[in-house]
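Report on one structure; see the data block that follows.
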Amino acid sequence: VVVRSVPVGAAVRINGVERGPAPVEADDVPAGEVLVEVFLEGFEPFRETFTITARQTREVAAPLKPYPTQLTVVSIPEGARLYVNNQYRGQTPQKITDLQPGEHRLRVELTGYETAARTIRLQSRQPLTEEFRLAKNSGKIVVVTEPAEVRVFLNGEERGTTRAGANPLVSEPLEIDLLPPGEYRLSLLRSGYMHAPKTVRVEANAVVTLHEKMARRYIPDTRVRIRGATGEIVRDGMLIKELPDGSVELMLETGTIMQIPSEEILAREPLRPRR
């Protein structure tokens with residue numbers, strides 16, 4: 001009986017008798033039923049039974065299967081990209097069961113955090129959990145705008161729109177996180193408003209809070225006919241506010257805000273935008 005193992009060097013037992021490490025050639029095996037057993041640390045045992053006759057040669061190939069390993073990788077925060085031996089294996093948390101016992105190199109990457117890496121050793125039938133606590137190396141910008149519904153840009157890239165909160169004139173904070181340290185060009189955009197772009201400096205592990213008030217462009221959109229002492233008066237301007245009692249605030253071309261009581265208003269008409 002000739003026994004070979006993959007990998008080589010496994011212990012061979014024939015009919016319960018130790019025969020040494022594979023490859024083994026045993027030429028004194030009695031005819032009849034034969035049990036071949038092959039053992040190697042970290043691998044599942046191999047067994048094969050067959051019948052052999054006198055002067056017959058039987059070859060046995062024993063491809064040994066390693067015991068399964070189980071590696072679980074978690075990160076704080078979650079969602080980091082996981083690489084095992086420089087091969088991408090998904091996002092954390094991640095469970096891997098197809099690695100061979102031995103040393104493996106782990107690396108996790110997450111935008112806004114320092115890359116972390118270490119070498120681990122896997123043992124057969126010994127589940128291992130590796131945890132990475134990632135160190136933040138980025139900053140955050142928090143923007144509040146007057147008015148709300150303003151599109152926010154950093155270095156020309158749109159990063160979100162501010163939303164109205166309890167106060168309809170002031171937005172809820174818009175957070176732009178995980179920004180690498182450096183300078184950013186902040187610009188705001190909303191139809192009918194103006195904003196002067198500004199440069200903002202972001203530091204690692206720091207928060208920059210901005211309260212940006214936009215100026216309205218003068219775009220006359222309303223004509224109000226008013227009862228005057230000598231007859232009807234017409235005022236064209238930009239409607240600023242309409243009060244519950246029907247009174248209005250109208251911005252004139254001079255920049256003056258005119259308050260017109262409801263009892264003086266004869267009619268209010270929309271104006272077509274100037275071309």
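Here are some notes:
- Net charge of neighbours whose Cβ lies under 14 Å from the Cβ of residue 114, counting Lys and Arg as +1 and Asp and Glu as -1: +4
- When 238, 194, 258 are compared by accessible area at a 1.4 angstrom probe, the order from most to least is 194, 258, 238.
- Label of the coordinate-derived value, P(r) over Cα pairs in 10 Å bins from 0, in percent, listed as (i) 7, 29, 37, 22, 5, 0; (ii) 6, 24, 33, 25, 11, 1; (iii) 6, 16, 14, 12, 11, 9, 8, 8, 6, 4, 4, 2, 0, 0: (iii)
- For the chain, the carbon plus sulfur part of the accessible surface works out to 48%, probe radius 1.4 Å.
- Loop-located GluC sites (Glu not before Pro) in the range 167-235 (DSSP state other than H, G, I, E, B) with a sparse environment of at most 13 neighbouring Cβ atoms within 10 Å: 203.
- The range 169-234: relative contact order as a whole-number percent, Cα under 8 Å and 6+ apart: 24
- Calculated FRET value between residue 223 and residue 151, using beta carbons and R₀ = 25 Å, to 0.05: 0.25
- Separation of alpha-carbon centers, the range 69-135 and the range 179-198, rounded to whole Å: 39
- Candidate lysines - alpha carbon under 22 Å from residue 140, same-chain residues fewer than 8 apart omitted: 198, 213
- Alpha carbon centroid spacing (whole Å) that separates the range 3-63 from the range 234-272: 101
- Charge-dipole axis of the chain as Lys and Arg at +1 and Asp and Glu at -1 on Cβ define it, positive-most pick from 111, 164, 22: 164
- Karplus-derived 3J(HN,Hα) values for the range 220-225, using 6.51 cos²θ - 1.76 cosθ + 1.60 with θ = phi - 60°, are x, 10, 9, 10, 10, 9 Hz; glycine and proline are entered as x.
- Counting only Cα atoms, the range 137-236 measures 70, 26, 17 Å along its principal axes, largest extent leading.
- When you filter the GluC sites (Glu not before Pro) in the range 1-76 for DSSP loop state and at most 11 other Cβ atoms inside 10 Å of their Cβ, you are left with 41.
- Residue-normalised accessible area of the chain, given per residue in Å² at a 1.4 Å probe: 60
- Within-10-Å neighbourhood charge of residue 195 [Cβ basis; K, R +1; D, E -1]: +2
- Charge context of residue 63, other residues only, Cβ under 14 angstrom, K/R +1, D/E -1: 0
- Under 16 Å from the Cα of residue 65 - lysines, other chains or at least 8 residues apart: none
- Each Cα pair under 8 Å and six or more residues apart adds its separation to the average, and for the range 151-201 the resulting relative contact order is 34 percent.
- q = 0.11, 0.14, 0.15 Å⁻¹, the range 18-159: log10 I(q)/I(0) [Debye, one scatterer per Cα]: -0.66, -0.82, -0.86
- Mean sequence separation of contacting Cα pairs (under 8 Å, at least six apart), scaled by the length of the range 1-124, corresponds to a relative contact order of 19 percent.
- Straight-distance crosslink candidates among lysines, where the alpha carbon sits under 25 Å from residue 136 and sequence neighbours closer than 8 are dropped: 95
The values are calculated or read from the model by the stated rules, or taken from the named source; none is laboratory data. Nothing here was measured: the structure is a model prediction, and the numbers come from that model. Note that we place each Cβ from the backbone using ideal geometry, even for glycine, and neighbour counts take in every protein chain shown. These accessible areas exclude ligands, DNA and RNA; they are computed on the full protein's heavy atoms, side chains included. Shrake-Rupley method; radii C 1.70, N 1.55, O 1.52, S 1.80 Å.
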